[in-house]
Amino acid sequence: MISGRDLDCKPPETIAIGTSRLTDAHGALKDIVEQIGGAKPSFVLLFVPSTLALDELSKTLPQMLPGTTVFGCTTAGQITSHGYEGEALVAIAFRRDHFRVASKLFKPVSPVSIADVVSQTERLVERFGVTPGRKRLALVFTDGLSKQEDLLVAALETGLKDIPVFGGSAGDGLAFERTFVLHDGQFHTNAALLLLIETDLSYRGLGFDHFQPTDKRMVVTRAIPEERLVLEINGSPAASEYARLVKVPLEDLSPIVFAENPVLVRNRNLYHVRGIQQIHENGGLTFLSAIDDGLLLTLGSGKEIIRTLDSSLAACDDRGEEADFVLGFDCYLRKLEITHKGLDEEASQHLRRHRVVGFNTYGEQHLGVHVNQTFVGVAFFRPGEEVMP
């Protein structure tokens, strides 16, 4: 079922999208350049699958896109005009008629210097003057294995003040070996990329998951916070206690069990997911977000993931008009659960219908908070279409 409103049937007005499934970097770049060639972009975002050779890609970029500012990152999957994919190179050309950009690379990002991030972000904002009648937002792409996103995004929010920030952590398929961000023609690890964007378009931020808290509570009784490693829960080995609570044999714990049985942290009246990455060799659990001794965790249970996806992506302006496109950052654990349940095509249909393009992440950043198993995005509307705040 394709609605006729998807990005192929009704191309976006404010960006151009290129997608290539070729396996060599030169051929893939040539393929996408042919698709976005007439876009006259202010900048291009490149979402890179783990299967492409990054050294070849960085060598080929100046030849294929001379004079073009290109940013991006490696991914744990892509969202194309067809929906979920795993090995596609995706380019989004943001037309200069509607977008202006400034950038800052933070490297190294581990350990992160909060004071330095705040001061450099403030300087970037000060230099990037406001054009009357235009709006600003920020995007952040971070080394997804740096374990610094929580501190980084909090520092960015302080420096950005009233400018909202959205983003995703770079991925490496399901290998969890090295992740990279792309800036100034080079791929950088142990780094984070901040983009400050000005646009004449109205936009709306999106952020949602599909979990609700249960009555099962647990306390972190021993942890190594800087490693995001929990050694004990409720005074017992972390992996064993988690397995007991979710009623799964210890030896059967796997990424899909973690995806379907997340733990939640309460912040006032909101619950945020703290995703589990894997079992540590000593029986601990490695998390994808900040963790600490004494932290109270709640086991989560899933709501209907497809229905939640469809209803939460339905962003419209005050006249009921659809978005020109949605830039989406979707956790790889969500995709893993969807795939495990055989819902890939149904989910892809909704992503197509709601005009989403983006990538699967190792973590998501939403308005100053680093989260997991969450869809974060920005819906951009065509010129002249206003959105209620």
Legend entry - Percent of beta bridges antiparallel (DSSP, the range 195-292, rounded to nearest 5): 100
Inset, instruction - Take the alpha carbon atoms of the range 8-64, find their center, do the same for the range 183-232, and report the distance between the two centers in whole angstrom. - result: 26
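Restricting to the range 280-383, compute how many DSSP beta bridges are antiparallel as a %, nearest 5. Walk me through the numbers on the way to the answer.
On the way: 10 of 16 bridges.
So the antiparallel bridges amount to about 60 percent of the total.
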Legend entry - Residue of G294, G129, G173 that the Gaussian network model of the chain assigns the largest fluctuation, springs spanning Cα pairs under 10 Å: G129
Inset, instruction - Count the lysine pairs in the chain whose Cα atoms lie under 27 Å apart, taking only pairs 8 or more positions apart in sequence or on different chains. - result: 29
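Express the Stokes-Einstein translational diffusion coefficient of the range 313-376 in µm² s⁻¹, to the nearest whole number, given a Kirkwood radius over alpha-carbon pairs, 25 °C and a viscosity of 0.890 mPa s.
Details: Rh = 12.7 Å.
For the chosen part, D equals 193 µm²/s.
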Inset, instruction - Taking every Cα atom in the chain, find the radius of gyration and the maximum pairwise distance Dmax, and write them in Å. - result: 20.2, 61
Legend entry - Inter-probe distance in nm under a simple model that places probes 7 Å from Cα toward Cβ, at R123 and K161: 1.8
Inset, instruction - At 1.4 Å probe size, with every protein chain present, just tell me what the per residue accessible area of the chain comes to in Å². - result: 40
Legend entry - Fraction of alpha-carbon pairs over 26 Å apart in the range 216-346 - percent: 31
Inset, instruction - Count the DSSP beta bridges whose two residues both fall in the range 94-213, then state the antiparallel fraction as a percent rounded to the nearest 5. - result: 75
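Ignoring everything except DSSP H segments at least 4 long, calculate the 222 nm mean residue ellipticity for the chain; use -39,500 (n - 2.57) per segment, divide by total residues, nearest 500.
Per the formula, -7000 deg cm²/dmol.
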Legend entry - Estimated D of the range 1-156 in µm² per second, where Rh is the Kirkwood radius over Cα pairs and Stokes-Einstein applies at 10 °C, 1.306 mPa s: 91
Inset, instruction - Whenever you get a sec, compute what percent of the accessible area on the chain sits on carbon and sulfur atoms (1.4 Å probe). - result: 49
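The values are calculated or read from the model by the stated rules, or taken from the named source; none is laboratory data. Given the structure is predicted, the values throughout are model-derived calculations rather than measurements. With ideal geometry, Cβ positions are generated from the backbone for all residues, glycine too; neighbour counts draw on all protein chains shown. With ligands, DNA and RNA removed, areas are computed over all heavy atoms of the protein, side chains included. Shrake-Rupley method; radii C 1.70, N 1.55, O 1.52, S 1.80 Å.
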